[in-house]
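What follows is one structure encoded as structure tokens, with my remarks underneath.
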Amino acid sequence: MNQSDRDKKAGGLPNTRQDTRVVNAGRDPFSYYGFVNPPVYHASTVLYPSAEDFVAHRARYQYGRRGTPTTEALEIALQELEGPSCAGVSLLPSGLAAISAALLSVVQAGDHILVSDSVYGPTRMFCDHTLTRFGVTTTYYDPLLGASIAGLMRENTRAVFVESPGSLSFEMQDVPAIAAAAHAKGALALMDNTWASPLYFRALDVGVDLAIHAGTKYLGGHADVSIGTVAANQSTVAALKNFVRLNGLCVGPDDVYLTLRGIRTLAIRLDRHYRSSLTVARWLEQRPEVLRLLHPALPSHPGHIIWKRDFTGACGLFSVVFKPVPRQAVYAFLDELELFGIGASWGGFESLVIPFDCTSLRTATPWEPGGPTVRFHIGLEAVEDLIADLERGFAALAHATRN
Ligand SMILES: Cc1ncc(COP(=O)(O)O)c(C=O)c1O
């Protein structure tokens, strides 16, 4: 497919609503004998009709690693969801790989980058270890800085990385102001937008140059796939595509297909995660054991105004600060829960919970929540059952506190 065909396809059904777009984006049944979904191409070699065609690279698909109808269907679908500012999407084998590829596609030795202090821990590790080895320095900044991030920009600042909200501590960042400040100094804005997904926040629309998603979470949505995606605007797409191609990065066809399949139910799943997470968060907010909720969609959250201004929804992920109790009492609470699995990742159909402590992950801002912290992912179970499970957890917490 040439670029103009691709652009035409990525334009999709521009006047439709998101719920309609997730169902139709990137689908082209009559290219596949009318079957609703694209085939899963397990492919490396692509055969050419003649030596001349081979030498001239005359083929719609040239090599499995470079793209197949399956990968193309997902890229086009995501491009449509990201909106008209999106000039192309690349697929990477995990969310973290998408973060590292996006950063590496824009920096070079001698550059400086600004990264939010609330960023996903492994993003910080990548900056501190890999980028440092290649001569790129990182300054971590207070996630609550908006336009005043301009004061941290240096001559050699190439990129500002945001993650909003932070996926443990839930600070909301003023992304449009940060992107504008970055551009004013000739730098780029990169965002880990996994929490909102392109359905609840279209990062490229407000000036972000590279929007990253851990598709492992809501895009896949079933806790059975590892994938990352990077959406680029016109100013970054060539560098991104080149980086991915030159480094031989690609995703296995089954994971690509599972993600495509996940996207078809993304709107309806997110809507349920959103509603249930708010119900559970409001319930938790009233509990005497709870000091405060870290959920941007609650009016009590300090970033609520930004969330309301910029986002159209919230997912199932938020945190809770308990009133001070011994660590063992929190563990008793967690161990008592039957419907909340204890495990990393999120965005699947199931509810999850983890204890966490950001102290070792902060260098620019202190982490002083005022009590033990726990992160919940509210899944698709009946919300009444989840609340009943949490009631049992609180009984165990009370029992452990007394003993
Ligand atoms: C906000 C955020 N970004 C990126 C990632 C990385 O995704 P993956 O596990 O697919 O590498 C995670 C994983 O938990 C995450 O929470």
How many residues are of a type outside the set (Ser, Thr, Tyr), open to solvent by 40 Å² or more (accessible area, probe 1.4 Å) and within 13 Å of the ligand (Cβ to nearest atom) when one looks only at the stretch 115-152? 2
Scan of the stretch 336-347 for residues that are touching a Ser or Thr at 6+ places or on another chain (Cβ under 9 Å), over 15 Å from Phe170 (Cβ atoms) and in a loop (DSSP other than H, G, I, E, B), ordered by number: Leu337, Leu339, Ser345, Gly347
Only residues that are of a type in the set (A, V, I, L, M, F, W, C), out of contact with any Asp or Glu (no Cβ under 8 Å at 6 or more places or on another chain) and either within 20 Å of Ser197 (Cβ to Cβ) or open to solvent by 60 Å² or more (accessible area, probe 1.4 Å) (or both): list them for the stretch 288-311, please. Leu291, Leu294, Ala297, Ile305, Trp307, Phe311
Answer with yes or no whether Pro176 is of a type outside the set (A, V, I, L, M), surrounded by fewer than 23 Cβ atoms within 10 Å (Cβ to Cβ), at pLDDT 95 or above and closer than 22 Å to His301 by Cα. yes
Contact list, first residue from the stretch 34-56 and in a loop (DSSP other than H, G, I, E, B), second anywhere and hydrophobic (A, V, I, L, M, F, W, C) and surrounded by 11 or more Cβ atoms within 10 Å (Cβ to Cβ), beta-carbon distance below 8 Å, six or more apart or interchain, is Asn37/Leu260; Pro38/Ala73; Pro38/Leu260; Val40/Val256; Val46/Ala59; Tyr48/Phe54; Tyr48/Ala59
Checklist (1) open to solvent by 60 Å² or more (accessible area, probe 1.4 Å); (2) within 22 Å of Met172 (Cα to Cα); (3) within 13 Å of the ligand (Cβ to nearest atom) applied to Glu285, failing item: (3)
Is it true that Ala211 is within 16 Å of the chain's Cα centre (by Cα), surrounded by 24 or more Cβ atoms within 10 Å (Cβ to Cβ) and more than 16 Å from the ligand (Cβ to nearest atom)? no
Scanning the stretch 74-87 residue by residue, the ones that are out of contact with any Cys (no Cβ under 6 Å at 6 or more places or on another chain) and either within 16 Å of the ligand (Cβ to nearest atom) or under 13 Å from Thr229 (Cα atoms) (or both) total 8
Which of the residues that make up the stretch 362-403 are within 26 Å of Pro302 (Cβ to Cβ), of a type in the set (A, V, I, L, M, F, W, C) and open to solvent by 40 Å² or more (accessible area, probe 1.4 Å)? Ala364, Trp367
For the stretch 312-352, name all the residues that are surrounded by 22 or more Cβ atoms within 10 Å (Cβ to Cβ), within 27 Å of the chain's Cα centre (by Cα) and within 18 Å of Leu291 (Cβ to Cβ). Phe318, Ser319, Val320, Phe322
In the stretch 96-114, what count of residues is obtained for those that are open to solvent by less than 10 Å² (accessible area, probe 1.4 Å) and within 13 Å of the ligand (Cβ to nearest atom)? 5
In a loop (DSSP other than H, G, I, E, B) and over 18 Å from Pro355 (Cβ atoms): is that true of Ser276 in this structure? no
Which residues, taken from the stretch 215-243, are out of contact with any Asp or Glu (no Cβ under 6 Å at 6 or more places or on another chain), within 16 Å of the ligand (Cβ to nearest atom), among the hydrophobic types (A, V, I, L, M, F, W, C) and open to solvent by 10 Å² or more (accessible area, probe 1.4 Å)? Ala223
Checking Val160 against (1) in contact (Cβ under 8 Å) with a residue 24 or more places away in the chain; (2) open to solvent by 20 Å² or more (accessible area, probe 1.4 Å), which single condition isn't satisfied? (2)
Scan the stretch 88-95 and give yes if some residue there is of a type in the set (Gly, Ala, Ser), open to solvent by less than 30 Å² (accessible area, probe 1.4 Å) and away from the ligand (no atom under 14 Å from the Cβ), otherwise no. yes
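The values are calculated or read from the model by the stated rules, or taken from the named source; none is laboratory data. Note that the structure is a prediction, hence the values are computed from the model and not measured. Counting neighbours? That spans all protein chains shown, and the Cβs are built from the backbone with ideal geometry, glycine included. Keep in mind that these areas ignore ligands, DNA and RNA; they rest on the heavy atoms of the full protein, side chains included. Shrake-Rupley method; radii C 1.70, N 1.55, O 1.52, S 1.80 Å.
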